[in-house]
Amino acid sequence: MSELLKNIIRYILFIFIQVFVLNNIPPLHQFIVPYLYFLFILWLPFNMKRGWLMVVAFLFGFSLDAFTKTPGLHAAACVLIAYIRPFIISLLVSRDMAELNYVSPSAKSLGWVPYITYVLVLTLLHHTYLVFLEWMQFGSFIYFMGKVLATTAVSFVLVMLVEMLFPRDQRYRTNTA
Amino acid sequence: MRNIFLFIRRYANFFFFLVLQIVALWLLFSYNKFHQAAFMGVANDITGKLNEEYNSIEVYFKLKKKNQELLEENNRLRNMLQENFGVRDTTLFSIKDTLTINDSSRIFRRYYSMPAQVVDNSTSRQNNYLMINRGYNQGVRKDMGVVSPAGVVGSVLDVSDNYAVVLSMLHRVSRISASVKKTGETGTVEWDGTNPLFVTLKDIPKSVQLNQGDSIVTSRYSDKFPPGILIGTVESVATDPSSNFYRVKVRTATNFFNVQYVYVIENLEKEEQLQLKSGIKINE
């Protein structure tokens with residue numbers, strides 16, 4: 001299956017799972033909203049241009065917004081992490097190591113520790129921005145901090161579960177392929 | 001000039017990032033003010049279709065409970081039928097019975113209700129919305145009231161051809177005029193965004209004796225809801241020493257987690273009421 005087709009299927013799956021499964025979970029606490037959809041952006045291939053990365057992220061966030069009736073909220077957060085993503089990757093691994101040999105970021109291509117850092121930083125950024133936009137309209141500072149931390153923790157657990165349940169087979173890229 | 005182009009090219013990504021952010025934020029902050037942004041009408045129709053498909057599966061899992069609720073409602077309505085009220089035969093003189101419901105000579109219709117099915121619902125966010133499968137073509141208009149068999153749900157926010165978005169009572173900007181059923185004082189019901197089981201009733205003066213379990217119903221002043229529809233019951237009462245009013249914690253009558261069938265309520269005299277109201281402003 002080509003990388004493009006794979007990502008199109010992922011796009012639809014992530015939106016549907018977020019809208020119809022995760023958003024329907026009865027709230028355990030006011031701080032906790034299980035977010036997983038942004039993993040789509042973390043999984044996009046290395047060789048995408050940053051401009052395209054942001055276009056895709058905007059459309060992706062906006063698709064979710066159409067369901068949650070908050071036009072622009074998730075789109076803004078997604079564009080932010082799409083913009084930051086290349087910086088983080090270049091900080092974490094040397095360029096020729098991962099990017100030339102593998103297609104997209106994963107535990108295998110980056111190594112476990114850099115990959116966990118990568119997920120944690122982007123998750124925290126995404127949620128901070130998302131909750132901040134919500135907080136500007138109402139809410140207290142404790143609410144802001146509590147929600148960012150609790151939501152990040154839950155998201156991180158979900159991302160790790162997905163990584164373990166659905167390992168992506170990362171072919172080693174060769175010149176022939 | 002050349003330097004400007006070089007500058008722009010060098011930071012093209014950053015500028016593009018800023019443009020996308022501005023577009024997103026503009027959409028977000030304008031939506032709350034003018035929620036009829038053109039694209040949302042189209043988006044509502046598409047997401048509405050998907051939500052309806054999903055709902056048609058989900059509905060089976062709740063059938064038993066829903067049947068029970070409808071049964072109870074039927075029972076309540078059946079008890080109000082005219083046939084249940086008899087006239088005693090006094091043989092000497094007849095009295096015109098004014099107690100019956102369908103006395104058309106003195107009662108006119110003020111409210112008209114239409115059933116609808118909820119195809120999308122949220123409770124976990126700060127601003128919650130519902131979507132129902134009845135839109136402009138089926139007679140739903142903006143600002144109509146929406147109630148469930150158990151009690152108040154919210155009011156219509158946005159209408160597309162076949163679907164409507166309902167501003168849930170669990171929304172930061174939701175304000176519903178309410179009154180204490182027992183004594184009749186009116187106040188406002190709001191949501192503080194924390195627990196979907198409870199809403200807050202404000203502006204009830206401290207002179208009123210409130211007990212746990214007292215009914216809070218829609219007030220006579222609302223232009224969306226008929227008076228006397230249950231909003232919830234008093235859970236606890238907090239006295240604020242700095243004001244003369246209570247802050248009452250009210251347990252919602254509607255269970256927002258599983259609301260599936262609702263009624264959209266049309267106030268047939270709303271136009272007239274609003275016209276009269278707007279006239280006052282002009283005279284000032």
Signed unit charges on C-beta, dipole axis of chain A, positive-most listed residue A:Ala57, A:Leu122, A:Asn47: A:Asn47
Largest first, please: the extent of the C-alpha atoms of the protein assembly as shown along each principal axis, to the nearest Å. 109, 51, 42
Kirkwood Rh for segment A:1-133 from C-alpha pairs, in Å, is 15.4 Å
For segment A:1-57, the Rg and Dmax computed from alpha carbons only, in angstrom: 13.8, 41
Can you compute 3J(HN,Hα) from phi for each residue in segment B:53-64, using the Karplus curve 6.51 cos²θ - 1.76 cosθ + 1.60 with θ = phi - 60°, rounded to whole Hz and x for Gly and Pro? 4, 4, 5, 5, 7, 4, 4, 5, 6, 10, 4, 4
Computed, not fitted: 222 nm per-residue ellipticity of chain B from DSSP H runs ≥ 4 (each -39500 (n - 2.57)), nearest 500, equal to -9500 deg cm²/dmol
Intensity falloff of chain B expressed as log10 I(q)/I(0), Debye formula with alpha-carbon point scatterers, at q = 0.07, 0.11, 0.13 Å⁻¹: -0.37, -0.80, -1.03
Could you pull out every residue, at least 5 positions away or on a different chain, whose amide H is within less than 5 Å of the one on B:Leu157? Hs are placed 1.01 Å off N in the peptide plane, and Pro or chain starts have none. B:Asp143, B:Val165, B:Val166, B:Leu167
Candidate lysines for bridging to A:Lys147, where Cα separation is under 29 Å - those fewer than 8 sequence places away on the same chain excluded: A:Lys69, B:Lys33, B:Lys202, B:Lys249
For chain A, what is the calculated [θ] at 222 nm in deg cm²/dmol (nearest 500), taking -39500 (n - 2.57) for each run of four or more DSSP H residues and dividing by its residue count? -21500 deg cm²/dmol
Taking the Cβ of each residue in B:Thr188, B:Thr254 as the centre, tally the other Cβ atoms inside 10 Å and list the residues starting with the fewest. B:Thr188, B:Thr254
So for chain A, averaging the separation of alpha carbon pairs under 8 Å that are six or more residues apart and normalising by length, what relative contact order in percent results? 26 percent
Rank the residues A:Arg168, B:Arg76 as a footprinting-exposure proxy: fewest other Cβ atoms within 10 Å of their Cβ go first. B:Arg76, A:Arg168
Backbone HN-Hα couplings from phi across segment A:37-47 [Karplus 6.51/-1.76/1.60, Hz, Gly and Pro as x]: 4, 5, 4, 3, 6, 5, 8, 5, x, 4, 7
Sort A:Ile84, B:Ile265, B:Ile4, B:Ile204 by Cβ crowding within 10 Å, fewest neighbours at the top. B:Ile4, A:Ile84, B:Ile265, B:Ile204
Under the rule of at least 5 residues apart or a separate chain, name every residue whose amide H is placed under 5 Å from the amide H of B:Arg134. B:Ala164
So what does log10 I(q)/I(0) come out to for segment B:105-250 at q = 0.10, 0.13, 0.18, 0.19 Å⁻¹, using the Debye formula with one equal point on every Cα and no solvent? -0.36, -0.60, -1.03, -1.12
Apply the Karplus curve 6.51 cos²θ - 1.76 cosθ + 1.60, θ = phi - 60°, to the phi angles in segment B:162-174 and return the couplings in whole Hz, x for Gly and Pro. 10, 9, 9, 9, 10, 6, 5, 4, 8, 9, 4, 9, 6
Using only the alpha-carbon atoms of segment B:194-284 as identical scatterers, what base-10 log of I(q)/I(0) does the Debye formula give at q = 0.15 Å⁻¹? -0.78
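We did not get these values from a lab; they are worked out from the coordinates using the rules stated. Since the structure is predicted, the reported quantities are computational estimates derived from the model, not experimental observations. Please note: Cβ atoms are built from the backbone with ideal geometry, for glycine as well, and neighbour counts cover all protein chains shown.
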